[in-house]
Amino acid sequence: MLLSIEGLSRAFGSTQALDAASLSINRGEVVALMGANGAGKSTLVKILAGLIEADAGSIYFDGRPYHAKSPAEAAARGIVTVHQSTDVIGIPGMTVADALLLDQFADGRQPFFLSHRSLRRRAAAILSDVGFDLPLDRDFSELGTADRQLVAIARALSNQAKLLILDEPTASLSAREAERFYQMVRGLKARGIAVLYISHRTADLQALADRVVVLRGGRVVAQQARPIDLVKAIETMIGRPLSLVHPQRRTVPGRPVLHLSGVRIFNDTPAFDLTLREGEVVALTGVLGAGKSRLLSLLFGLGRFASGRAVLDGAAYAPSGPAEAIARGVVLAGEDRHRASFIPAGWPGESIASTISLPYLRRWHPHGILRERREQAAATDAIARLGIKATGPAASVWSLSGGNQQKVVLARWDAEPSRLLMLDEPFQGVDVGARQDIIAALRSRTDRATLLATSDPEEALEVADRVIVIDRHRLLEQTPPDRRTNSTLIGARHEELA
Amino acid sequence: MTDSTAPINTRRDPHALADALPLAAQLRDGLRRGVVFLLLAALVLIFSVLQPAFLTLANAMSILQAVAVVAIIGTGVTVTLAVGGFDLSVGAVAASSVMAASYAMIVLDLGAFATVALVLAFGIVVGLFNALLIVRLKVPDLLATLSTMFLLTGLQLIPTAGRSISAGLILPDGSKATGKVDPLFLAIGRSSLFETLPLPVLLMILVAIVLFVLTERTRFGRLLFATGGNETATRLAGAPVERLRGFAYVLSASLAALGGIIVAARIGRGDVSSGASLLMDSVAASLIGFAVRGLRRPNVGGTIVGAVFVGVLLNGLTMLNAPYYTQDFIKGAVLVSALALTYGINRKMR
């Protein structure tokens, strides 16, 4: 037994984030930690990573009591956490070799005077030891997410990590990158390294987990060894049967809302056509960099198509910016809600109500003076309608879990009528339960078209009436609705394209 | 809408908060919000006991008169902080406005109204110049306004070849200036309403009220703060973020010009060194303002309170015969304490 946790508890104010949770991990075991947002996953990880302390309970690691007070202390004992956000791993302007050795600079294992040659040699030694292939002399900022994760993992292994905690490592990887990632994790396992794996992606769990541990309300509610019954695990996790959550297929495509003809994203990319209809949910899927976000932002007025024609409700559509797009009823919930939708904590405008009202300030406060009642009403309505778990319209969006935050973003663009709602990676960091609520809300609207971009083909199938694959800035295939259930076909197609 | 059980946002819902937090945390939170007011009350009490002349209406007005210019300029700085920028050129704008006002009257022989209009226009032009650098040419705020500060500090010396401007000034070409300072202009800095309320104090109150309402109670203010908080999110919500940022710089330069007009009217001539401490003092007032009501962000009300706080402290210490050369040290100490209190107390609350 490598890690053994007994009766671990931790409260934040009146919220009991972890409630006597117990869990153990063996050497060379991959354990998947499942749980809806707010189930206590991140609290558990933070305690193990030395970021916060437990109120009660005991942890034994490698045969001795474990009580890390800082990430450095945790790493010294052999527990290393690779976080979802990978820009904290290296420094733009420094090389990959530097990033690999960063913690050695900090703890004095590297000599004071450095030579380029010795750095490169040590970095190469770290890589060959773990069997990764990375360009050592490239600037760190040029690496993609997948490679950055490898840097973080290589660094952890060079520090004799015994337990690796991976927090949603595949959230922004394409299908092919994810497959490479799975192989890497299997390699770790073969070396006797234990992995605690947190992911919302069912494909990950199927590919990797030896055992699934389900958290709900801060308690371990179920454990399953291989073979894993994912449906049952998810049902335990969200606390309701899954049959209720699959979207019903519909055959109600209404009037065309937006029609693109002969559109090119860049001058040298192929032209394509696209029609979006009222009441239909269309998912755009493809690898990172395929042009999903680019297409959405062009439709939102952040740039122009290289050529072609767009028609919105029968009139030519070429918005000069988000303001005009919004005025015409085309709205975008951008990728990464923290960056694209929220005002920072402690700043005016962080509340749920004012997050919803930001695009409508002129409409809702026509005389310039803020009438908070108008936006509070919108927020109260949204909280009830979408089931947002919050203390009220004045609560800060930063006090909410990822799924509830995404519901607030959706509530913003639901608050006034629109013709085309676009969402870029709307399910990032959203648990299964909240995702079902959001999908249901999206699919319930018949007065507008919905276009969403996701790099996860399964997610696309789960939400959409129609799935479109985009590759190198052209649309490839419009899947007819009757292939909705045939996920292997899309998956295979997707693989081949990647 | 207020029947929440455990509110997290402490700003909008203080009553519900009281139910949810233990007494100690409540006290600490109350202390954090009220600390500046408590200290202000303590100062007033101590000074009144030690020096009975302190607590008089005349002295109160003299304190307010002393801080009026700093407070006015500080509110402008606050607005640039709200949009996520920082205007370092305000001191130089105020100083060159003093020179411009004197030059307009003494050399160009203009009247009070034309002078005020000219100087305010000068402020707007400088603001537009800053906006051009920052919004169009994408120069970082601090660098752009620092350059403008240099430019103006030098520019104000050129028309008079480095001399201060007073009646009978000898111009660089050898001739003698013929104009004089309009008494109506001097009234801006020297007259009082009903013999008690000095005009600069009245101006300060007006500016404070207008800017407070603008930043805290209007959709425009919401957008200013939204721009400063997350420019990307605000742009994606359809707001004209470039115009909002530009506006902030025009506003702060105009307010700095107004401050310069008041200084010129008070001293009655164009003194080359008149704006020396205005930048530091107004920035300090804005930053002390972060601590007021525990907001931890730029706010107009806080800036005014911050300026008054420094004014009370300096006035009281001067009455107790503290030497003038300790003043900057005292301001620095207040600023450091205010920031330490704002960020240090109860940080884990969030």
Please name all residue pairs, on different chains or six or more residues apart, with Cβ atoms under 8 Å, provided the first residue is in segment B:24-53 and is acidic (Asp, Glu) and the second residue is surrounded by fewer than 17 Cβ atoms within 10 Å (Cβ to Cβ).
B:Asp29/B:Asn346; B:Asp29/B:Met349
Only one of (1) closer than 18 Å to B:Thr80 by Cβ; (2) open to solvent by less than 20 Å² (accessible area, probe 1.4 Å) does not apply to B:Gly294, and that is (1)
With respect to A:Leu127, is the statement that it is part of a loop (DSSP other than H, G, I, E, B), of a type in the set (A, V, I, L, M) and surrounded by 12 or more Cβ atoms within 10 Å (Cβ to Cβ) true?
no
If we keep only residues of segment B:288-304 that are of a type in the set (A, V, I, L, M) and within 17 Å of B:Ala333 (Cβ to Cβ), then the residue modelled with the highest pLDDT is B:Ile288
In the list A:Asp133, A:Asp137, which residue meets the criterion of being among the acidic types (Asp, Glu), touching a strand residue (DSSP E or B) at 6+ places or on another chain (Cβ under 8 Å) and in a loop (DSSP other than H, G, I, E, B)?
A:Asp137
Identify all residues within segment B:239-260 that are open to solvent by 20 Å² or more (accessible area, probe 1.4 Å) and farther than 14 Å from B:Thr78 by Cα; write none if there are none.
B:Pro240, B:Glu242, B:Arg243, B:Leu258
Given the residues B:Leu214, B:Leu202, B:Leu279, which is the only one that is surrounded by fewer than 22 Cβ atoms within 10 Å (Cβ to Cβ), aliphatic (A, V, I, L, M) and more than 14 Å from every other protein chain (Cβ to nearest Cβ)?
B:Leu202
Considering residues that are at pLDDT below 85, in contact with a strand residue (DSSP E or B) (Cβ under 7 Å, 6 or more places away or on another chain) and open to solvent by 20 Å² or more (accessible area, probe 1.4 Å), the number found within segment A:248-302 is 2
Got a sec? Which of B:Leu142, B:Leu151 is loosely packed, with under 15 Cβ neighbours inside 10 Å, in a helix (DSSP H, G or I) and touching a Phe, Trp or Tyr at 6+ places or on another chain (Cβ under 9 Å)?
B:Leu142
Determine whether segment A:369-386 contains at least one residue that is modelled with pLDDT under 90 and of a type in the set (S, T, N, Q).
no
State which residue pairs qualify: first residue under 19 Å from A:Val30 (Cβ atoms) and inside segment A:216-232, second residue open to solvent by 100 Å² or more (accessible area, probe 1.4 Å) in any location, beta carbons under 9 Å apart, and separation of 6 or more residues or different chains.
A:Ala222/A:Arg216; A:Ala222/A:Lys232; A:Gln224/A:Lys232; A:Ile228/A:Gln206; A:Leu230/A:Gln206
Just to verify a result, which residue in segment A:329-384, among those that are assigned to a strand (DSSP E or B) and at the interface with chain B (Cβ under 7 Å from one of its Cβ atoms), is surrounded by the most Cβ atoms within 10 Å (Cβ to Cβ)?
A:Ser351
Taking B:Asp182 as meeting all but one of (1) surrounded by 14 or more Cβ atoms within 10 Å (Cβ to Cβ); (2) of a type outside the set (A, V, I, L, M); (3) farther than 14 Å from B:Tyr103 by Cβ; (4) at pLDDT below 90, write down the number of the exception.
(3)
Scan segment A:139-150 and give yes if some residue there is β-branched (Val, Ile, Thr) and at pLDDT 80 or above, otherwise no.
no
Pick out the one residue from B:Arg235, B:Arg222 that is within 12 Å of chain A (Cβ to nearest Cβ), open to solvent by 70 Å² or more (accessible area, probe 1.4 Å) and assigned to a helix (DSSP H, G or I).
B:Arg235
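Residue-wise test of (1) more than 25 Å from the chain's Cα centre (by Cα); (2) open to solvent by less than 30 Å² (accessible area, probe 1.4 Å); (3) assigned by TED's automatic domain parsing to the domain that holds A:Leu188; (4) more than 17 Å from A:Arg191 (Cα to Cα).
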position: A:Gly131; (1), (2), (3), (4): yes, no, yes, no
position: A:Leu134; (1), (2), (3), (4): no, yes, yes, yes
position: A:Ser141; (1), (2), (3), (4): no, no, yes, yes
position: A:Arg148; (1), (2), (3), (4): no, no, yes, yes
position: A:Ala152; (1), (2), (3), (4): no, yes, yes, yes
position: A:Ala156; (1), (2), (3), (4): no, yes, yes, no
position: A:Leu166; (1), (2), (3), (4): no, yes, yes, no
position: A:Pro169; (1), (2), (3), (4): no, yes, yes, yes
Only listed residue being in a loop (DSSP other than H, G, I, E, B) and within 16 Å of the chain's Cα centre (by Cα), chosen from A:Gln428, A:Gln436, A:Gln405:
A:Gln428
For segment B:73-83, does any single residue satisfy the condition of being touching a helix residue (DSSP H, G or I) at 6+ places or on another chain (Cβ under 8 Å) and surrounded by fewer than 24 Cβ atoms within 10 Å (Cβ to Cβ)?
no
Would you mind finding the one in A:Ser351, A:Ser307 that is small (Gly, Ala, Ser), in contact (Cβ under 8 Å) with a residue 40 or more places away in the chain and over 29 Å from B:Leu295 (Cα atoms)?
A:Ser307
When you go through (1) under 30 Å from A:Glu6 (Cα atoms); (2) at pLDDT 75 or above; (3) open to solvent by less than 60 Å² (accessible area, probe 1.4 Å) one by one for A:Ile238, which number turns out not to apply?
(2)
Using beta carbons and a limit of 6 Å, which pairs, at least six apart or on different chains, have the first residue in segment B:273-302 and within 21 Å of B:Ala226 (Cα to Cα) and the second one aromatic (Phe, Trp, Tyr) and outside any loop (DSSP other than H, G, I, E, B)?
B:Val300/B:Phe212; B:Gly301/B:Phe212
Please tell me if A:Gly392 is buried (at least 16 other Cβ atoms within 10 Å of the Cβ) and at positive phi.
yes
Before we move on, is A:Ala68 in a loop (DSSP other than H, G, I, E, B), surrounded by 20 or more Cβ atoms within 10 Å (Cβ to Cβ) and more than 27 Å from the chain's Cα centre (by Cα)?
yes
Looking only at segment A:312-328, count how many residues are open to solvent by less than 30 Å² (accessible area, probe 1.4 Å) and either among the acidic types (Asp, Glu) or away from every other protein chain (no Cβ under 14 Å) (or both).
2
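The values are calculated or read from the model by the stated rules, or taken from the named source; none is laboratory data. Remember, it's a predicted structure, so these values are computed and weren't measured experimentally. Methodologically, a virtual Cβ is constructed for each residue, glycine included, from the backbone with ideal geometry; neighbour enumeration extends over all protein chains shown. Please note that ligands, DNA and RNA were not included when accessible areas were found on the heavy atoms of the full protein model with its side chains. Shrake-Rupley method; radii C 1.70, N 1.55, O 1.52, S 1.80 Å.
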